[in-house]
Amino acid sequence: MTRGRRYGLVWPAAIVALACGGCSAQDEIVIAISTDLALPKDFDVLQVQVFEGGARKFDQAYERLGEADPAARLPATIGFYSANGGGESIRIKISARVGDALGPVRILREAVTRIPKDRVALLTLPLDFLCDDSARSEETGDVVSTLCEEGQTCVAGACVSSQIDSSALPDYAPRDVYGGGLGDGSGDCFDVTECFAGGAPAAVDAETCSIAAERGATLNVALQTAAGDGICDDGEGDDRRCLVALDAGSDAGFRVEEDGRITLPPAVCGRMADRIAAVLTAPTTAACAQKTAGLPTCGPWSASGSKEP
């Protein structure tokens, strides 16, 4: 699943690789799934479900994430195409589970959109720390939200509309998902522990949920978690730091305002405040570019940055 698969929504279709990455006029939407957590420590099963008109069209669990023989590596891409010229409305549910395909659910991300016409569009649906504890699994295996109302989904710890206008989505290109690579281990990844080895705690203004930064400085920002969630360094005891790196220039990450202050997601100062020990900043370097949605984290689970040169 690292390089992508394509599935027809009207009748079963053969699974083929998305090696072309949108080079033909296919009516298709490609879902890119990423995470800021560490696998298999934080979760080890990815479930993808797609519904059309209330009917379940696709339901697959990818297990052993982060292990030596994973069913998928992240970021993962999976494509759904139309056999009727596009325009079908679909509901997508992406879940992070623990243990197996019926295990506890930590994170749920949903989207309702339409298959685009005459193009291959990219829809990014990350499974991120700030949306932890957002869903549960019922005895039937169905996943239901415990945080957001019907028609909403969790983004950066807040409930927003799950409706996505596919005409506003960018065209799919592998380099925009896999750190400039193809999903085969090529491309770059972001080494969280290395890039924040000298990171310093920042004072958070809880009223605006923002931190100060030197005007013009290019920084990376991470959340130091209080209970060991995220990517951890090799320290022991109180010296061990577990971090969640935020994406720059993103509503789900952080933004630099005109006055130079860095705005954080409101959940950092609200819903998830008791699970965050500190907010860290670190300057970018030649080895540590600014973390963005298109630059995945490094780790044994990663589909980027692991290919031998």
Among the residues of the stretch 198-236, count how many are in a loop (DSSP other than H, G, I, E, B), touching a strand residue (DSSP E or B) at 6+ places or on another chain (Cβ under 9 Å) and either of a type in the set (A, V, I, L, M) or in the same structural domain as Ala38 (by TED's automatic domain parsing) (or both).
-> 7
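So, in the stretch 24-39, exactly how many residues are more than 15 Å from the chain's Cα centre (by Cα) and assigned to a loop (DSSP other than H, G, I, E, B)?
Count: 4.
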Say whether the condition of being among the acidic types (Asp, Glu) and either closer than 12 Å to Leu130 by Cα or in contact (Cβ under 8 Å) with a residue 12 or more places away in the chain (or both) is met by at least one residue in the stretch 265-275.
-> yes
Taking first residues from the stretch 155-172 that are more than 20 Å from Asp36 (Cα to Cα) and touching a residue at least 24 places away in the same chain (Cβ under 8 Å) and second residues anywhere that are surrounded by fewer than 16 Cβ atoms within 10 Å (Cβ to Cβ) and among the small types (Gly, Ala, Ser), the pairs with Cβ under 9 Å that are 6 or more apart or on different chains are Ser162/Gly151; Gln163/Gly151
Would you call Phe129 crowded, with 21+ Cβ neighbours inside 10 Å, within 23 Å of Glu52 (Cα to Cα), within 20 Å of the chain's Cα centre (by Cα) and assigned by TED's automatic domain parsing to the domain that holds Gly53?
-> no
Just one of (1) surrounded by fewer than 16 Cβ atoms within 10 Å (Cβ to Cβ); (2) within 20 Å of Ile107 (Cα to Cα) trips up Leu246, so point out which.
-> (1)
Number of the exception - Gly305 against (1) over 22 Å from Arg106 (Cα atoms); (2) small (Gly, Ala, Ser); (3) crowded, with 21+ Cβ neighbours inside 10 Å; (4) at pLDDT 95 or above = (4)
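The values are calculated or read from the model by the stated rules, or taken from the named source; none is laboratory data. All of these numbers come straight from a predicted model, not from anything done at the bench. As a convention, Cβ positions derive from the backbone with ideal geometry for all residues, glycine included, and neighbour counts pool all protein chains shown.
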